[in-house]
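Colleague: Encoded as structure tokens, here's the structure I'll be asking about.
Bear in mind these aren't lab numbers, they're just calculated from the coordinates by the rules spelled out. What you are looking at is a predicted structure, and each value in this text was computed from that prediction instead of being measured. Here the Cβ is made from the backbone with ideal geometry for all residues, glycine too, and neighbour counts use every protein chain on show.
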Amino acid sequence: MALTDDELRVRIRAQTDLVIEKLLAEKSRPSEITLSEIEQVVHEAGEAIKAELTAGLVEQVSEESAEVPGPVCPTCGEEMHYKGKKAKRLVTETGEVTVKRAYYYCEACRSGFFPPG
């Protein structure tokens, strides 16, 4: 089942709350924290939120991507058969995510294919 927009909002808000709690904990020692440390905490907070948002949006797209009618095998031209979704870990600019994509198989060539997207 695809992640809904509301579920994504809840995940992002939860991640944001964790980040805010960390920022406030660091702020509670104002006489001890340097500007560089503040910048580092804020940077880490932004990265955590970006990573969670990227993962959530990728999850939505992965779950919503539908089976396309039999693509043609790039090798032999025969119609390929849908074999389900396969998961793959990718490294993005904002962190690692798991993408689930439709996988097709050509019986004639014995080769697999992931349509672009």
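Colleague: Can you give the charge dipole size of region 1-64 about its Cα centre, rounded to the nearest 20 debye, using +1 on the beta carbon of Lys and Arg and -1 on the beta carbon of Asp and Glu? Intermediate results must be reported in sequence, preceding the final value.
Modeller: On the way: 7 positive and 15 negative charges, 50 e Å.
Roughly 240 debye, rounded to the nearest 20.
Colleague: In nm, to one decimal, how far is the GLU79 label point from the ILE20 one, both placed 7 Å along Cα→Cβ?
Modeller: 5.4
Colleague: Where does the chain land at 222 nm, in deg cm²/dmol rounded to the nearest 500, when only DSSP H runs of n ≥ 4 count, each adding -39500 (n - 2.57), divided by all residues? Mind dumping the intermediate values first?
Modeller: Numbers: 2 runs with 53 residues, N = 117.
Taking each H run of at least 4 residues, the total per residue is -16000 deg cm²/dmol.
Colleague: Please give the length that would be gained between VAL91 and ILE38 if that part of the chain were fully extended, namely 0.36 nm times their separation in residues minus their C-alpha to C-alpha distance (nm, one decimal).
Modeller: Values: separation 53, 0.36 × 53 = 19.08 nm, distance 2.71 nm.
Between VAL91 and ILE38, full extension yields an extra 16.4 nm.
Colleague: If you don't mind, there's one more thing I want to ask. Going by Cα centres, region 1-20 and region 35-104 are how many Å apart?
Modeller: 17
Colleague: Can you compute the charge dipole magnitude of the chain about its Cα centre, using +1 on each Lys and Arg Cβ and -1 on each Asp and Glu Cβ, nothing else charged? Give it in debye, rounded to the nearest 20.
Modeller: On the way: 15 positive and 21 negative charges, 80 e Å.
The calculated dipole for the chain is roughly 380 debye.
Colleague: Could you give the angle, 0 to 90 degrees to the nearest 10, between helix 35-64's Cα long axis and the longest principal axis of the Cα atoms of the chain?
Modeller: Once rounded, the angle reads 30 degrees.
Colleague: Quick check on the chain: what are the equivalent-ellipsoid semi-axes from the Cα gyration tensor, as sqrt(5λ), descending, whole Å?
Modeller: Result for the chain: semi-axes of 44, 15, 7 Å.
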